[in-house]
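Enquirer: Sharing a structure with you now.
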Amino acid sequence: MFLLSAYGEPVAQETTQPAPRSAPTAPARALLPFILPAIVVGVVASLVFLGVSTAAERLQHVLWGLLPDALGVGRYSVLWMFVMLVATGVAVGLVVWKVPGHAGPDPATLGLDAPVLPPAVLPGLVLATGLMLAGGPSLGPENPIIAVNVTLAAWLGGRFLPRTPGTLWPALAEAATLGALFGTPVAAALVISEALAGQPTRGRLWDNLFAPLTAGACGAMTTTLVAHPTFDLGLPPMGHPRARDLLAALVVASAAALLGMCAVRAFPYVHAGFRRLRHPMLMIPAGGVLLGALAAVGGHLTLFKGLSEVGELARDPEGWSAGQFAVMAVVKLAALLVAASCGFRGGRIFPAVFVGAALGLCAHALVPAVHPSLGVATGVLGMLLAITRQGWVSLFTAAVLVTSPSILTLLCTASLPAWLLVTGRPQMQLREDGVPVR
């Protein structure tokens with residue numbers, strides 16, 4: 001039985017003969033034809049991401065700025081937050097109900113490895129995603145944008161380059177979108193390396209990474225040139241690690257992983273509860289009602305995908321009490337759980353970053369000896385391990401939020417007990433029958 005690489009070539013074959021000690025890498029002439037498709041996919045995937053994000057930001061400015069100002073209502077008053085989240089639920093419900101393709105499959109069944117969808121699904125999926133991003137539910141753009149780019153790449157690639165292996169296009173699109181989302185191809189390389197870890201590539205890892213890494217680099221470069229993104233929260237750098245820092249890293253990462261697993265455990269039950277409503281015009285608006293109630297408790301910082309909001313927290317780590325940080329972390333996690341269960345189209349990485357950062361700053365407020373950079377990085381690490389089950393992406397995201405190279409060793413060490421708490425347990429993703437993926 002053959003396993004196919006990203007290029008549609010066999011990378012290993014079961015045989016009774018002993019495997020050779022090393023296998024030759026692919027010649028350069030076998031890799032060169034994939035450079036141009038990778039560049040095109042990388043640029044287009046980034047532009048799709050930037051286009052949806054920019055449109056959503058402009059609509060958000062209208063809904064949460066110009067409109068409440070014109071009506072004389074507080075932008076983030078309890079009334080306006082409730083009205084906007086319910087209205088967003090109604091709008092997204094209408095898209096899922098009426099637009100052809102119903103905005104794609106149940107988002108609870110999707111992860112970063114999106115399937116190729118029928119092209120007719122994409123307009124509804126893009127519209128539902130844009131409305132969600134602008135309206136305030138606690139989800140990010142990553143899952144639906146990856147699904148859109150994977151489908152576009154597979155459809156257009158199959159039409160214009162029919163001889164290119166079909167398995168190549170989803171790999172390029174996923175890598176390109178990850179590069180665009182994070183502003184660097186490193187995340188894409190880590191995700192693909194993790195996916196290839198179980199395949200007997202026999203020394204050809206970098207050959208299989210070549211085209212996706214090219215797409216990721218082009219996606220990241222396009223985003224960087226157009227939007228100038230940054231993940232650095234501007235927290236004070238940490239000095240040389242001490243024994244107490246190691247203890248703090250182990251405790252905070254493990255606590256964050258346990259808190260995240262609470263949401264993961266509740267996910268299938270909350271999802272099943274919404275599914276009993278049976279209709280998107282009941283499920284998604286009901287989710288909007290719950291999100292409005294949660295916003296009244298947690299405040300406006302618990303709205304939206306959370307990346308800008310976590311930056312606001314980091315600008316003043318001493319500006320909130322430990323109790324306030326704890327409330328924001330729990331409310332944001334509950335909002336993520338509700339939004340991901342009721343049918344809003346979106347991803348879970350960015351809201352999980354907010355939850356982990358709030359939890360880390362809570363640890364700093366409780367125990368000032370816990371450095372804020374260390375608390376944020378390890379809190380994000382543990383939360384992402386629980387929510388995404390992506391080890392490399394969790395480490396990478398936690399590391400890029402702070403500018404302290406000395407934290408890397410502590411993060412790697414803290415990931416070990418946190419991983420033991422989450423591995424082998426249900427994931428925050430369901431199969432079609434509602435059973436959690438493991």
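Enquirer: With the checklist (1) touching a helix residue (DSSP H, G or I) at 6+ places or on another chain (Cβ under 6 Å); (2) farther than 26 Å from VAL148 by Cβ; (3) touching a residue at least 40 places away in the same chain (Cβ under 8 Å); (4) part of a helix (DSSP H, G or I) in hand, flag the one item ARG265 doesn't pass.
Expert: Answer for ARG265: the failing condition is (1).
Enquirer: List pairs: first in the range 97-118 and assigned by TED's automatic domain parsing to the domain that holds ALA180 and within 24 Å of PRO268 (Cα to Cα), second crowded, with 17+ Cβ neighbours inside 10 Å and charged (D, E, K, R), Cβ under 8 Å, 6+ apart or cross-chain?
Expert: Partner pairs satisfying both residue conditions: ALA103/ARG345; GLY104/ARG345; PRO107/ARG345; LEU112/GLU142; LEU112/GLU174; ASP113/GLU174; ALA114/GLU174.
Enquirer: Taking the condition surrounded by fewer than 24 Cβ atoms within 10 Å (Cβ to Cβ), modelled with pLDDT of 95 or more and over 16 Å from PRO285 (Cβ atoms), does LEU110 pass?
Expert: Values: surrounded by fewer than 24 Cβ atoms within 10 Å (Cβ to Cβ): yes; modelled with pLDDT of 95 or more: no; over 16 Å from PRO285 (Cβ atoms): yes.
No.
Enquirer: Here's another thing I want to ask about it. Where the second residue is of a type in the set (Asp, Glu) and the first is surrounded by 24 or more Cβ atoms within 10 Å (Cβ to Cβ) and lies in the range 385-404, which pairs have Cβ atoms under 8 Å and are six or more apart or on separate chains?
Expert: Final answer for the pair search is LEU401/ASP232; VAL402/ASP232.
Enquirer: Does THR378 satisfy being surrounded by fewer than 19 Cβ atoms within 10 Å (Cβ to Cβ), in contact (Cβ under 8 Å) with a residue 40 or more places away in the chain, touching a Gly at 6+ places or on another chain (Cβ under 9 Å) and closer than 22 Å to LEU307 by Cβ?
Expert: Spelling it out, it is not the case that THR378 is surrounded by fewer than 19 Cβ atoms within 10 Å (Cβ to Cβ), in contact (Cβ under 8 Å) with a residue 40 or more places away in the chain, touching a Gly at 6+ places or on another chain (Cβ under 9 Å) and closer than 22 Å to LEU307 by Cβ.
Yes/no matrix, rows are residues, columns are (1) closer than 26 Å to VAL90 by Cβ; (2) aromatic (Phe, Trp, Tyr); (3) touching a strand residue (DSSP E or B) at 6+ places or on another chain (Cβ under 8 Å); (4) assigned to a helix (DSSP H, G or I):
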| residue | (1), (2), (3), (4) |
| --- | --- |
| MET283 | yes, no, no, yes |
| ALA295 | yes, no, no, yes |
| VAL310 | no, no, no, yes |
| GLU318 | no, no, no, no |
| LEU333 | yes, no, no, yes |
| ARG345 | yes, no, no, no |
| PHE350 | yes, yes, yes, yes |
| VAL355 | no, no, no, yes |
| ALA358 | no, no, no, yes |
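Enquirer: Please work out which residue is farthest from the chain's Cα centre (by Cα), limiting yourself to the range 155-183 and to residues that are in a loop (DSSP other than H, G, I, E, B) and either under 21 Å from PRO144 (Cβ atoms) or among the basic types (Lys, Arg) (or both).
Expert: In the first step, residues of the range 155-183 are kept if they are in a loop (DSSP other than H, G, I, E, B); the result is 161-167, 183.
Of the ones still in play, those that are also either under 21 Å from PRO144 (Cβ atoms) or among the basic types (Lys, Arg) (or both) are 163, 183.
Values: ARG163: 32, GLY183: 13 Å.
Residue satisfying both the conditions and the ranking: ARG163.
Enquirer: Can you confirm whether the range 378-390 contains a residue that is farther than 17 Å from ALA255 by Cα, under 19 Å from the mean Cα position of the chain (by Cα) and hydrophobic (A, V, I, L, M, F, W, C)? Even if it seems obvious, please write down each step before you answer.
Expert: Restricting attention to the range 378-390, the residues satisfying the condition of being farther than 17 Å from ALA255 by Cα are 390.
Still in the list and also under 19 Å from the mean Cα position of the chain (by Cα): 390.
When the remaining residues are screened for being hydrophobic (A, V, I, L, M, F, W, C), the result is none.
No, that holds for no residue.
Enquirer: List pairs: first residue in the range 276-301 and more than 23 Å from GLY65 (Cβ to Cβ) and touching a residue at least 24 places away in the same chain (Cβ under 8 Å), second residue hydrophobic (A, V, I, L, M, F, W, C) and not in a helix (DSSP H, G or I) anywhere in the structure, Cβ distance under 8 angstrom, at least six positions apart or on different chains.
Expert: From residues that are more than 23 Å from GLY65 (Cβ to Cβ) and touching a residue at least 24 places away in the same chain (Cβ under 8 Å), the pairs are MET283/LEU277; ILE284/PHE344; ALA286/LEU277; GLY287/PHE344.
Enquirer: Still on this structure, I have one more. Which one of these is touching a Pro at 6+ places or on another chain (Cβ under 8 Å) and basic (Lys, Arg): ARG438, ARG425? Outline the logic, then answer.
Expert: Working: ARG425 fails: touching a Pro at 6+ places or on another chain (Cβ under 8 Å).
Checking each option against the conditions leaves just ARG438.
The values are calculated or read from the model by the stated rules, or taken from the named source; none is laboratory data. Predicted model, so just to flag it, every value in this text is computed and none were measured. Cβ: placed from backbone, ideal geometry, glycine included. Neighbour counts: every protein chain shown.
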